[in-house]
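The values are calculated or read from the model by the stated rules, or taken from the named source; none is laboratory data. Quick caveat, the model's predicted, so the values are computed rather than measured. Heads up, the Cβs are rebuilt from the backbone with ideal geometry, glycines too, and the neighbour counts pull from every protein chain shown.
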Amino acid sequence: EGEIGVHYVDGRLEEIFGLSRETADGVDLFDRFVAGVDERDRQRLMSSILEATTAFKPWDFEGRFIKPSGEPIWFKGLASPRQLQTEIAFDGILLDISGKKQAEEALRESEERFRSIVQHAWDVITILDAQMRIDYISPRSQSMLGYEPQDLRGKPAFALIHPEDREGVETAFAGVLARNDSGAPTEFRFRHQRGYWTEVEAVATNLLEYPGVRGILVVLRDISERRQAEERIHHMAHHDPLTGLPNRRLLAEQAALALALAARSRANTALLFCDLDHFKDINDSLGHVVGDILLIQVSSQIKKSLRDTDILARLGGDEFMVLLPETGRDGAARVANKILTLLREPVTLGDHQLTVTGSIGISLYPHDGDTFQDLFRNADTAMYQAKQVGRNAYRFYDAAMNAASLERLTLLSALRKAIQKEQLRTYFQPKVDLADGRVVGAEALVRWQHPDEGLIPPGRFIPLAEDNDLIIAIGDWVLKEVCRQLADWREAGLPPLSVAVNIAARHFYADGLMQNLETLLEQYGLPPEALELELTESTMLEAGPETLTLLQELRRRGFTLAIDDFGTGYSSLAYLKNLPITALKIDRSFVRDLATQPGDCAIAAVIVTLGHCLGLTVIAEGVETAQQQEILLEHGCDYAQGYLFSRPLPAAEFVEWWQRSITR
């Protein structure tokens, strides 16, 4: 008849549902219970009771209930029917399943979140079974590898790995299985659906015993761009950026191998040092652009004289070197003659027709030296002898040669006197914040004010000084002069300023650097952060445990440390992150062609990103145009210096420039 009542209910009714068993306000318990059921479930409740009664079958229902206090809960009802004369009775229970529902909802949200993460992750997520077949692979496989997930499921995981890499990957994954944990990142080539090889990095974790996974979790990351950038950096570290030829570093490595082979086979090897005659005049009169084009042409001409096994390198400027394996005196002379003949051929560059000549010095292994350094030095000496006899010639090294050595000794002697007679001068080039143009520091640069020759640039005397301990005396003088100047500026009321000082490798490794720095700071009342010590990338690369300890001690005492000309060496990223440095300086060779060379732009961007990932300040050198400044700013470079802002200035002029910049 539609009449429903409650014959019995236990005491937990009030505890779970907040309802009294007694009739209240004339409304019996069942009606009060139905009124408390969430309106979204109420009709369904009544339908389920009617259906169970009509069909005389067990009642099973889940729904939501709003307690008199306003608290919502989930409940489940289970009851079995029995016939009573003219009535049907249901005996059953009501359960509070709120906890179960909350757990189910949390699980659903967790699964949905995981599914969303996997589907939208930049990496490919893969699960392999114990037989290393692909059990699951995320949708990212389509964009990264060219395969739809269903195309790879069930396939052997190693089938698409490059044959040269497969054994290493199998070994790495076997280790993961054996250790029952995560393995180290493994890099290999994976065949793209289009047929080419994609560089990937994989990290595998053994989850075979993990419920719900029961497999090997593998995360695949596309590292093609990173690998290309690394290869680009490596290439730049070993090759001349203008001509693409090997640089001195790569030549030294290849020469070491060639000399080792020559020693075993008792063969000769020749080293030719070629310097273009009067090249500086071409640069000065026609400009560096024409000079650079000419250098590229010259490198092509020299290559025509060489065999495939010979090595041509550019040392910098107008200096080239040729390594001739298994070549004696006669063979070296023939090659030198060919080079000189080809160099004399007129070269047309735009409106200009140029004829250049060269001077070549030759040293022979083993007669003139057992090492690349010995052969290099002696070929250099012979080259200067060729210039002395009128240029456009070659000369073999002879122990009696002393002209070039005498010239260097004369310059070295004059340089020693220059330090004693205070002929050195310190110039300062501003370092500015790219974002707002504020002066944030300066770099100290040394010049030689020769009484007869005038201002001598550092390129002429610093390399000579670096070949002996004189660089230490010059470095100490610069440090003292910078500290004195900083103290004067502070006393004059100028804002505190940090000045970067280049520390040559020989100076850095010399005893007493730390003591000298502390003495100068105490003498002039300066904090350590007033000095930024710049070391070349090669100095950092050669750092052993003792050097690393010194770097850490300098940093601990408050000095800031920067890697100068970053990118011209080949730093190990794993080693770089352990160096206690505070800044990277992008070499001017990358900055020069930012606007025209996408490769240089990419390298600069990589260096900025790398520096910031390591928490370092990034400074660009040699910024000469507003376009270079804009590109560097877009990539997030912090600071810059260069002729766009100011040339290096004497102290007094620098202060005037600085004060004007403050007022601006």
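Quick check on region 351-358. Is at least one of its residues of a type outside the set (Val, Ile, Thr) and at pLDDT 90 or above? Yes - at least one qualifying residue is present in region 351-358.
Residues in region 389-440 that are among the β-branched types (Val, Ile, Thr) and either closer than 23 Å to LEU375 by Cβ or not in a strand (DSSP E or B) (or both): VAL389, THR410, ILE419.
Looking at region 487-515, which of its residues are assigned to a helix (DSSP H, G or I) and within 34 Å of the chain's Cα centre (by Cα)? Talk me through it step by step, then tell me what you get.
Looking only at region 487-515, we keep the residues that are assigned to a helix (DSSP H, G or I), and these are 487-491, 505-509, 513-515.
Correct list: ALA505, ARG506, HIS507, PHE508, TYR509, LEU513, MET514, GLN515.
Within region 605-664, can you find the residues that are of a type in the set (D, E, K, R) and in a helix (DSSP H, G or I)? Correct list: GLU630, GLU634, GLU653, GLU656, ARG660.
When PHE376, PHE320 are checked against the criterion of being in the same structural domain as ILE282 (by TED's automatic domain parsing), in a helix (DSSP H, G or I), modelled with pLDDT of 95 or more and of a type in the set (A, V, I, L, M, F, W, C), PHE376 stands alone in meeting it. Between a residue in region 595-609 that is within 16 Å of GLU630 (Cβ to Cβ) and any residue that is exposed (fewer than 14 other Cβ atoms within 10 Å of the Cβ) and polar (S, T, N, Q), which pairs come within a Cβ distance under 9 Å, given they are 6 or more apart or on different chains? From region 595-609, the pairs are ALA595/GLN627.
Got a sec? Which of SER80, SER48 is farther than 23 Å from GLU14 by Cβ, in contact with an Asp or Glu (Cβ under 9 Å, 6 or more places away or on another chain), outside any helix (DSSP H, G or I) and assigned by TED's automatic domain parsing to the domain that holds ALA35? Lay out the reasoning, then the answer.
Values: SER48 fails: outside any helix (DSSP H, G or I).
Answer to the check: SER80.
Just a yes or no: is a residue in region 36-43 among the aliphatic types (A, V, I, L, M), out of contact with any strand residue (DSSP E or B) (no Cβ under 6 Å at 6 or more places or on another chain) and modelled with pLDDT of 80 or more? No, because not a single residue in region 36-43 is among the aliphatic types (A, V, I, L, M), out of contact with any strand residue (DSSP E or B) (no Cβ under 6 Å at 6 or more places or on another chain) and modelled with pLDDT of 80 or more. May I ask you to list the residues in region 517-527 that are surrounded by fewer than 17 Cβ atoms within 10 Å (Cβ to Cβ) and at negative phi? Passing the criteria: GLU518, THR519, GLU522, GLN523, PRO527. Between LEU594, LEU616, LEU610, LEU649, the distinction of being crowded, with 20+ Cβ neighbours inside 10 Å, over 15 Å from the mean Cα position of the chain (by Cα) and either at pLDDT below 90 or not charged (D, E, K, R) (or both) belongs to LEU594 only. Scanning region 624-664 for residues that are without any contact (Cβ under 8 Å) to a residue 24 or more places away in the chain, in contact with an Asp or Glu (Cβ under 8 Å, 6 or more places away or on another chain) and of a type in the set (Ser, Thr, Tyr) yields one hit, TYR643.
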